[in-house]
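The values are calculated or read from the model by the stated rules, or taken from the named source; none is laboratory data. Worth saying up front: this structure is predicted, and the values here are computed from it rather than measured. Neighbour counts run over all protein chains shown; Cβ positions are idealised from the backbone, glycine included. Quick note on the areas: whole protein, heavy atoms, side chains included, nothing else; ligands and nucleic acids left out. Shrake-Rupley method; radii C 1.70, N 1.55, O 1.52, S 1.80 Å.
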Amino acid sequence: MSTPLDTPHTAPEAPPTPDRDLAQLGLAALLVVVGAYTFYDATTLRIGFGDPVGPRVFPYVIGAVTVALGLLLVVATLRGDVPEGEGGEDVDLRQPADWLTVLKLVGVLLFTVLTISFLGWAVSGALLFVGAAWSLGSRTFVRDGIVGLVLSVSSWYFFHEGLGVILPAGILDGVL
């Protein structure tokens, strides 16, 4: 039979410290800084005469929500919440990146940037869609061209007529 003097005295175990992802704290700091700057920048906007809402409302809301999300991320990180990978994704992280596809997409995007003023959004947007689909493995060029043309022309009309934002018409000036 053992007595309390016979048993070795061990200190009670300290609770385990939660794992903290320090990269999350960096992201949280970035969110707070961007949100605070957005909020500050909204104060510098000039309000037009007779405009009760003014252009400040959305930057105020976006800045405040961004700061709040940054602070919530700090709290979650300090509590030990660590993001976990999606269990259902079928991505093999051991495979190297497909840099050829990335270079194709960058090339298609650069082509669009360089030709949008000459060709216009309708043509450049359609070529952007076809090029991106080709870069990602599509080999149905006719269907991609039709879908890209429908999307780019409809988005051109939406911006031009619906929002009043003028996108370049390019070679189709007078046709659209």
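Looking only at region 112-149, residues that are surrounded by fewer than 15 Cβ atoms within 10 Å (Cβ to Cβ), assigned to a helix (DSSP H, G or I) and under 24 Å from the mean Cα position of the chain (by Cα) come to 2 in all. Within region 150-173, is even one residue of a type in the set (A, V, I, L, M), outside any helix (DSSP H, G or I) and touching a residue at least 40 places away in the same chain (Cβ under 8 Å)? Looking for residues that are of a type in the set (A, V, I, L, M), outside any helix (DSSP H, G or I) and touching a residue at least 40 places away in the same chain (Cβ under 8 Å), one finds at least one in region 150-173, hence yes.
Of the numbered criteria (1) open to solvent by 60 Å² or more (accessible area, probe 1.4 Å); (2) at pLDDT 65 or above; (3) over 30 Å from Pro83 (Cα atoms), the one Thr7 fails is (2). Just one of the numbered conditions (1) open to solvent by 90 Å² or more (accessible area, probe 1.4 Å); (2) in contact (Cβ under 8 Å) with a residue 12 or more places away in the chain; (3) farther than 30 Å from Ala169 by Cα is not true of Pro96: (2). Flag: Val82 does not match the condition of being at pLDDT 95 or above, surrounded by fewer than 17 Cβ atoms within 10 Å (Cβ to Cβ) and among the β-branched types (Val, Ile, Thr).
Being open to solvent by less than 100 Å² (accessible area, probe 1.4 Å), modelled with pLDDT under 90, small (Gly, Ala, Ser) and out of contact with any helix residue (DSSP H, G or I) (no Cβ under 9 Å at 6 or more places or on another chain) is a property that Gly26 lacks.
Do the conditions hold for Leu105, that is, is it of a type outside the set (D, E, K, R), closer than 23 Å to Val165 by Cβ and under 21 Å from the mean Cα position of the chain (by Cα)? Let's see the steps before the verdict.
Values: of a type outside the set (D, E, K, R): yes; closer than 23 Å to Val165 by Cβ: no; under 21 Å from the mean Cα position of the chain (by Cα): yes.
Taking the combined requirement at face value, the residue does not satisfy it.
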